[in-house]
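Below: one structure, written as structure tokens.
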Amino acid sequence: MGEAARPPLAAHDAPICVESEWATLRECVYGSPDTFVLPVFLDDSKLRAQGEFGQFWAKNQGRDLKDAWPELFAEMSGQIRGAIALLESLGVRVHVAGRISTQNRKFPRGEDHGVVTPWLRDPFATIGNNVIELAPRSLFHRRQRFSVRHILAATMERGARYFAQPDSGADDYVDAPGWGYLEGGDVFVLGRDVLVGNSGGCSNPEGARWLQHALGGDYRVRTVRIDPMFPHLDCVLMTPREGVAVACVEALPEGLPGFMRDWDVVPVPKALAKAHMACNNLVLDDRTVVVAAEEALDPIAQALTARTFEVIRIPYRVPSMAGGSFRCAHQPLIRN
């Protein structure tokens, strides 16, 4: 997208606001290129690991990728830095996740399960001017908030309502009233409609119920069922423009929500959505999308181009094969 075509940038003290998934991205938090300690293989990690890398992960639980596979870590780190550089070159203000202290790495059980800060979608969500620390079900997501809390706290001076969901504690899962779980990869802001994915392994209906309570009558929160082979809604759905969706419809047992049934849908096969994160792209605005440069994703890029989107391609092979592409990596602070 040419500089002349991009809307004016947000000032550094501009009010926090996320209007929709396709509103112009002006400021975001992005994952760190500096650390990836492979999480211990609990149920949450099993949802992410897949293929050859999944086998490697299973054999190297708890090890720093820098030591376990230095060449792959260097490639991953370079690809994350490349994405950050692209955003900054387009005028997006980017905050990069920081370090998690040794003691906070042991949260919430007194055990260090690993560090997954290259992907920062899940520990919080921005909806309108609400900046919400979430209560993830995945144990390695529960400590991610500590890498960005200083960034989130600063939003209070910029008009944000900064607050936290009741904590998810130390149990893997509690199926009872009051034990709501939410992860940012499941949360989609579509104007006044907010979708919350439910695969059975991450966010749950009780989390969606709490979110509706927290947001009040200004928003309609809707739960969307997902095939359990996918952890999050953004593994099977992208909404780059109102009325256009890229979706793995066969992974949505009840289909898209009713208000989206007449949208123009780019269909994505399950295998492509799972192995190549084909729905997990980076929407810059309602005319521009970043898609990983891997050849397998050419059909996605072509389908978007046919719908008059400008498609930017950059390498992102390693983060994607580790379980999360561009949307997983960032959480917006300003989209308007």
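Observations on the model:
- Proximal charge balance of F326 [Cβ under 11 Å; K/R count +1, D/E count -1]: +1
- Environment charge of A97, counting only residues whose C-beta is closer than 12 Å and scoring Lys/Arg +1, Asp/Glu -1: +3
- The calculated 222 nm mean residue ellipticity attributable to helices in the chain amounts to -6500 deg cm²/dmol, summing -39500 (n - 2.57) over DSSP H runs of n ≥ 4 and dividing by all residues.
- Of the trypsin sites (Lys or Arg not before Pro) in the stretch 156-265, those whose Cβ has at most 12 other Cβ within 10 Å and which sit in DSSP loop: R261
- Inverse mean reciprocal Cα-Cα distance (Kirkwood Rh) of the stretch 50-128, Å: 15.1 Å
- A 1.4 Å probe over all protein chains sorts E133, E254, E157 by accessible area into E157, E254, E133, starting with the largest.
- Share, in percent, of DSSP beta bridges within the stretch 243-336 that are antiparallel, nearest 5: 25 percent
- Under 14 Å from K59, Cα to Cα: aspartates and glutamates that are on another chain or at least 8 residues apart: D67
- Partner aspartates and glutamates for K106 [C-alpha distance under 20 Å; skip if fewer than 8 residues away on the same chain]: D34, D43, D44, D64, D122, E133, D167, D171, D172, E183
- q = 0.21 Å⁻¹, the stretch 65-190: log10 I(q)/I(0) [Debye, one scatterer per Cα]: -1.36
- Length-normalised contact order for the stretch 212-336 - Cα pairs under 8 Å, 6+ apart - percent: 20 percent
- DSSP-defined beta bridges in the chain - what % are antiparallel, rounded to 5: 50 percent
- H95 accessible area, assembled protein chains, probe 1.4 Å, Å²: 40 Å²
- Taking the Cα centre of the stretch 132-207 as origin and assigning +1 to Lys and Arg Cβ atoms and -1 to Asp and Glu Cβ atoms, the resulting dipole is close to 380 debye.
- Note: relative contact order over the chain, using C-alpha pairs below 8 Å and six or more positions apart, is 24 percent.
- The Rg/Rh ratio of the stretch 137-194, with both radii computed over alpha carbons and Rh defined as the Kirkwood radius, is 1.00.
- Note on the chain: percent of Cα-Cα distances in each 20 Å bin, starting at 0 and stopping at the bin with the largest distance, equals 34, 62, 4.
- Length-normalised contact order of the stretch 85-180 in % [C-alpha pairs under 8 Å, at least 6 apart]: 27 percent
- Distance from the stretch 95-140 to the stretch 165-214 (C-alpha centre basis), Å: 15 Å
The values are calculated or read from the model by the stated rules, or taken from the named source; none is laboratory data. Everything numeric in this text was worked out from a predicted model, so none of it was measured. Positions of Cβ are generated from backbone atoms using ideal geometry, with glycine treated the same way; all protein chains shown enter the neighbour counts. Calculation scope for accessible area: heavy atoms of the full protein, side chains included, ligands and nucleic acids excluded. Shrake-Rupley method; radii C 1.70, N 1.55, O 1.52, S 1.80 Å.
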